[in-house]
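Student: Have a look at this one before I ask anything.
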Amino acid sequence: MAYKQRTVPMELLILRILDVRGKLSLAEHKYYVNKEKGFKGEVQFDLLTEKLQSDCLILNDLLLEVDNSTFQLDTTIIYQDLIYPFEVKNYESDFIYKPDMLVTTSGMEYKNPLDQLNRSKFLLSQLLQKLGYHLVIEGSVVFINPEFTLYQAPPNVPFIFPTQLNRLMKKLNALPSKLTNRHRKLADKLVSLHQTKSNYTKLPPYKYDGLRKGNTCAVCRSFKVTVPADERKIVCACGHVERIEDAILRNVKEIQLLFPEKKITTNCVHEWCGGIVSQKVIKRILKQSFEQKGKKKHTYYEELT
Ligand SMILES: [Zn+2]
């Protein structure tokens with residue numbers, strides 16, 4: 001099991017909501033789809049690394065800083081004498097290798113992920129030095145998508161293609177490694193340095209009033225949900241049924257994510273859900289799950305402490 005689990009990045013959580021409730025432009029929608037795809041690729045790589053049997057520590061998704069430079073490591077694996085940062089790409093279709101970029105056969109240009117890997121390796125080495133660790137830094141760019149092909153790549157670039165993933169796992173499994181407390185200390189240190197707020201986020205601007213209100217389905221994310229008269233669940237046209245408590249709390253999470261400053265009140269949750277659940281039921285659920293603050297019409301709810 002990973003020493004540090006991967007969670008859905010805040011930016012992606014917000015983009016998912018905006019994609020349903022906002023009016024993303026074509027470019028913004030594409031940005032969102034790419035983020036979603038990139039995340040999916042990372043999760044697929046996690047499924048492989050979590051099967052590793054060797055003595056190692058797997059840290060998924062680190063955003064670190066050294067000397068005012070921020071760098072992101074999709075997957076980092078600590079071994080006895082080695083540390084492996086992996087950059088995971090979920091590119092699909094046919095690409096041609098150029099020293100400074102990758103180009104699709106239809107002419108779309110992408111930065112060469114090797115530059116990103118080298119930058120990360122350099123900054124990681126600075127950071128390790130500061131922390132007093134001397135590990136050899138390996139590292140590769142992993143192309144996880146089986147539909148990916150790269151023409152004209154020199155054989156010596158540290159790229160792992162989909163057809164090489166099995167061998168990579170075998171190689172990692174065969175690494176002689178015996179970890180000590182010091183390795184765990186390093187892992188803990190890196191996790192503690194992980195920054196949750198990325199400077200890279202390019203979220204489109206949004207306002208409360210501009211977002212579509214209504215209850216969405218937890219599975220298909222459409223608004224095609226109805227609430228039977230007893231208000232115990234919400235039922236979607238896709239067939240998914242969700243407990244009303246879960247649906248309301250999911251909506252509260254959406255409001256908290258998008259508008260962290262906004263006070264959670266029965267009224268605002270009622271409005272956010274498009275009025276299809278009664279105020280009475282919303283109030284009951286908020287009371288159960290949050291701490292009540294303020295009085296009467298000034299009542300609002302905060303996370304239980
Ligand atoms: Zn649905």
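The values are calculated or read from the model by the stated rules, or taken from the named source; none is laboratory data. Please read all numbers here as calculations on a predicted model, not as lab measurements. Cβ: placed from backbone, ideal geometry, glycine included. Neighbour counts: every protein chain shown. Surface accessibility is based on the protein's heavy atoms, side chains included, excluding ligands, DNA and RNA. Shrake-Rupley method; radii C 1.70, N 1.55, O 1.52, S 1.80 Å.
Student: So, in region 213-253, exactly how many residues are among the charged types (D, E, K, R) and within 16 Å of the ligand (Cβ to nearest atom)?
Tutor: Adding up the residues that qualify gives 7.
Student: Collect the residues in region 82-94 that are surrounded by fewer than 22 Cβ atoms within 10 Å (Cβ to Cβ) and in contact (Cβ under 8 Å) with a residue 60 or more places away in the chain, keeping them in residue-number order.
Tutor: Listed by number, the list holds a single entry, 82.
Student: Okay, next question. List, please: which pairs have Cβ atoms under 7 Å, are six or more places apart or on different chains, and start with a residue in region 111-123 that is within 17 Å of residue 97 (Cα to Cα) and end with one that is of a type in the set (D, E, K, R) and exposed (fewer than 14 other Cβ atoms within 10 Å of the Cβ)?
Tutor: 112/100
Student: Tell me which of these residue 249 doesn't satisfy, since it passes every other one: (1) modelled with pLDDT of 95 or more; (2) surrounded by fewer than 19 Cβ atoms within 10 Å (Cβ to Cβ); (3) more than 25 Å from the chain's Cα centre (by Cα).
Tutor: (3)
Student: Now for a different question. Considering (1) modelled with pLDDT of 95 or more; (2) open to solvent by 40 Å² or more (accessible area, probe 1.4 Å); (3) touching a helix residue (DSSP H, G or I) at 6+ places or on another chain (Cβ under 6 Å); (4) within 16 Å of the ligand (Cβ to nearest atom), say which one residue 270 fails and leave the rest.
Tutor: It is condition (4) that residue 270 fails.
Student: Within region 109-147, can you find the residues that are in a strand (DSSP E or B) and surrounded by fewer than 18 Cβ atoms within 10 Å (Cβ to Cβ)?
Tutor: Answer for region 109-147, where residues must be in a strand (DSSP E or B) and surrounded by fewer than 18 Cβ atoms within 10 Å (Cβ to Cβ): 109, 110, 111, 136, 137.
Student: Please go through (1) of a type outside the set (A, V, I, L, M); (2) more than 16 Å from the ligand (Cβ to nearest atom); (3) more than 30 Å from residue 63 (Cβ to Cβ) for residue 195 and return the number of the only condition it doesn't satisfy.
Tutor: Only one criterion is unmet by residue 195, namely (3).
Student: Starting from region 216-242, keep only residues that are open to solvent by 50 Å² or more (accessible area, probe 1.4 Å), then list their pairs with residues that are more than 11 Å from the ligand (Cβ to nearest atom) and modelled with pLDDT of 95 or more whose Cβ atoms are within a distance under 6 Å, requiring at least 6 positions of separation or different chains.
Tutor: 221/20; 232/244; 233/243; 233/244; 241/233
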